[in-house]
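Asker: Quick one: this structure, given as structure tokens, is what I'll be asking you about.
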Amino acid sequence: MKSKILLSAILVIALMACRNRFITPSYEEHKRDHKTIAVIPMKSTYTGKIPEEVTEEDIIMIEDAESVRFQELVMNYLVYESGVRRNDIGIGLLSTQVTNSRLEAKGISIRDAIAMDPTALADSLGVDAIVKGYVLKNRFMSDLESLKIEGAEIVLRTIANSAGVGLPIPGGMVNNLKRTYYIESGLELLDGEDGSILWKITSSRNADWQYQPEQAIANMAFQFADNFPYRNKEFKR
């Protein structure tokens, strides 16, 4: 009985861990027809407690730069995961430089590309599938404010431990209090012929004065590439 309960718990945990990503039946239908895919600039949203000196024009510049930066991060990790071994990614990847040059040549801006129909994008880029995505950065406070909260926590815990009592504040609550950003991101793979969703993944992170937003975003990009489909073993008969 105990073993059955343990197995059920493991299955529940496994299912919860997989909820943030899935492969659709459309992927199995289309994957063998695909030769090359493109990663387009990602939708970037910068919101929350924005510093007073940051203007709306600054936000647009930040978002556009973040769009291309995340696009390049995802592509770099996809290339890293590619190769000839069974577990490597085995699909052709159109370089971000070529992708963005083709978009520019056709008069398609970063924001236009983000909003475009994936079938039109695939036709414009000459690829079989499109990888689209987003990154949302919700700012709460500065690094200095985050550091001060952590410092206060350390002092309070030291005093509490000296008095032989526990600090009645859960560690998770402190982590939320000292976070500088909440960052959410996701990718989806879309068929270039009919626009159907083939694969999708999402993730989120909290950043603070030690764990910077750039590091969190890079870690999510690596996570996405690590779970990306088109593995060589899928095409072995």
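Asker: With r defined as the distance between the Cβ atoms of Asn219 and Val84 and R0 fixed at 22 Å, what FRET efficiency is calculated, to the nearest 0.05?
Answerer: Details: r = 27 Å, r/R0 = 1.21.
Efficiency computed from Cβ-Cβ geometry: 0.25.
Asker: Taking amide hydrogens as modeled 1.01 Å from N in the peptide plane, which residues meet the under 5 Å criterion relative to Leu198, leaving out close sequence neighbours?
Answerer: Placed amide hydrogens put Leu189, Leu190, Asp191 under 5 Å from Leu198.
Asker: Here is a follow-up. Which of the aspartates and glutamates could a cross-linker bridge to Lys106, judged by Cα under 12 Å and excluding same-chain residues fewer than eight apart?
Answerer: Asp123
Asker: Of Lys49/Lys200; Lys35/Lys236; Lys137/Lys200, which sit over 24 Å apart, Cα to Cα?
Answerer: On the way: Lys49/Lys200 30 Å; Lys35/Lys236 15 Å; Lys137/Lys200 20 Å.
Distance filter (> 24 Å) returns Lys49/Lys200.
Asker: Please order Phe222, Phe235 by the number of other Cβ within 10 Å, starting at the fewest. Display every interim value, and only then the final one.
Answerer: Values: Phe222 16, Phe235 11.
By the 10 Å Cβ count, ascending, the order reads Phe235, Phe222.
Asker: 7 Å from Cα along Cα→Cβ at both Glu53 and Ser109: what's the point-to-point distance in nm?
Answerer: Spacing of the two 7 Å Cα→Cβ label points: 2.7 nm.
Asker: Here's a follow-up. Given labels modelled 7 Å from the Cα in the Cβ direction, how far is it in nm from Asn76 to Glu234?
Answerer: A separation of 2.5 nm, rounded to one decimal place.
Asker: Charges only on Cβ, +1 for Lys and Arg, -1 for Asp and Glu: so what's the dipole of the range 66-137 about the Cα centre, in debye to the nearest 20? It would help to have the intermediate numbers written out before the result.
Answerer: Working: 8 positive and 9 negative charges, 32 e Å.
That gives the range 66-137 a dipole magnitude of about 160 debye.
Asker: Nearest 0.05, what FRET efficiency do Ile60 and Asp123 give at R0 = 41 Å with Cβ-Cβ as r?
Answerer: Values: r = 28 Å, r/R0 = 0.68.
E between Ile60 and Asp123, to the nearest 0.05, is 0.90.
Asker: What is the distance, in nm, between label points placed 7 Å from the Cα along the Cα-to-Cβ direction at Asn138 and at Gln210?
Answerer: It works out to 2.4 nm between the two label points.
Every read-out reported here was derived from the displayed coordinates using simple, explicitly stated rules and does not represent laboratory data. Remember, predicted model here, so these are calculated numbers, not experimental data. In this analysis, Cβ positions are derived from the backbone assuming ideal geometry, glycine residues included, and neighbour counts consider all displayed protein chains.
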